[in-house]
Amino acid sequence: MSSMTEQLDRVARIQREWARERPDLDVSPQGVIGRLHRVAGLLTERLCEVYAQHGLSEGEFDVLAALRRAGEPYERAPGELAAFTMVTTGGITKRIDRLERAGLVTRRVSEHDGRGRVVALTERGRAVFDAAFTEHIANEHTLLEALSSRQATQLESLLTAWLHELEPPVSGAVV
């Protein structure tokens, strides 16, 4: 028979220890934030497994997704990619270098700005991304099976409201 401590999740065990060590502090926010942090980490691991099956890192998948969402001709400037992926331009450059070496994207001079560059999905890049994205969405459905449809809807609503308070609005861009 297992003890009560073994039945507690990691966050509950941490809260119990803090209640003992720092009874003067209300550590109840850890119940939400700690669990959300753990869930996010575990979800990221599961999502990255699918990306890796297609030879992609999380960041590379993100760049390809931003290009694919752009619609034909599936291209964006590196600065746009940074905005649409929440990554710095320098970080985007490293991802683009890797994707270009793999033959998934190309870079060319912008027709509108001779100094600017445009990154575009190659035919191979689109095929690789579309296959990865199909599996990614199936994986997300599987991950949500732990919740009822009602719970998933409630959680989405709660997270949307919370994110709205924490994250500055994105001006004019649909991410």
Review point. Which residue pairs have Cβ atoms closer than 6 Å, lie 6 or more positions apart in sequence or on different chains, and pair a first residue in the stretch 48-67 that is over 18 Å from Ala82 (Cα atoms) with a second residue that is open to solvent by 20 Å² or more (accessible area, probe 1.4 Å)?
Key: Cys48/Glu58; Val50/Glu135; Val50/Asn139; Tyr51/Glu58; His54/Val128
Review point. Just wondering, is there one or more residues in the stretch 146-168 that are touching a His at 6+ places or on another chain (Cβ under 7 Å) and open to solvent by less than 90 Å² (accessible area, probe 1.4 Å)?
Key: no
Check your understanding: Which condition number in (1) surrounded by 12 or more Cβ atoms within 10 Å (Cβ to Cβ); (2) at pLDDT 95 or above is the one that Glu45 fails?
Key -> (1)
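How about the stretch 16-95: which helices (runs of 4 or more DSSP H) wholly inside it have at least 2 residues that are in contact with a helix residue (DSSP H, G or I) (Cβ under 6 Å, 6 or more places away or on another chain) and over 26 Å from Arg124 (Cα atoms)? Let's see the steps before the verdict.
Working: elements: 29-53, 58-69, 78-85.
The helices (runs of 4 or more DSSP H) meeting that bar are 29-53.
The values are calculated or read from the model by the stated rules, or taken from the named source; none is laboratory data. The model shown is predicted, which means the values in this text are computed figures rather than measured ones. Note that each Cβ is placed from the backbone with ideal geometry, even for glycine, and that neighbours are counted across all protein chains shown. Accessible surface areas use protein heavy atoms only, side chains included; no ligands, DNA or RNA. Shrake-Rupley method; radii C 1.70, N 1.55, O 1.52, S 1.80 Å.
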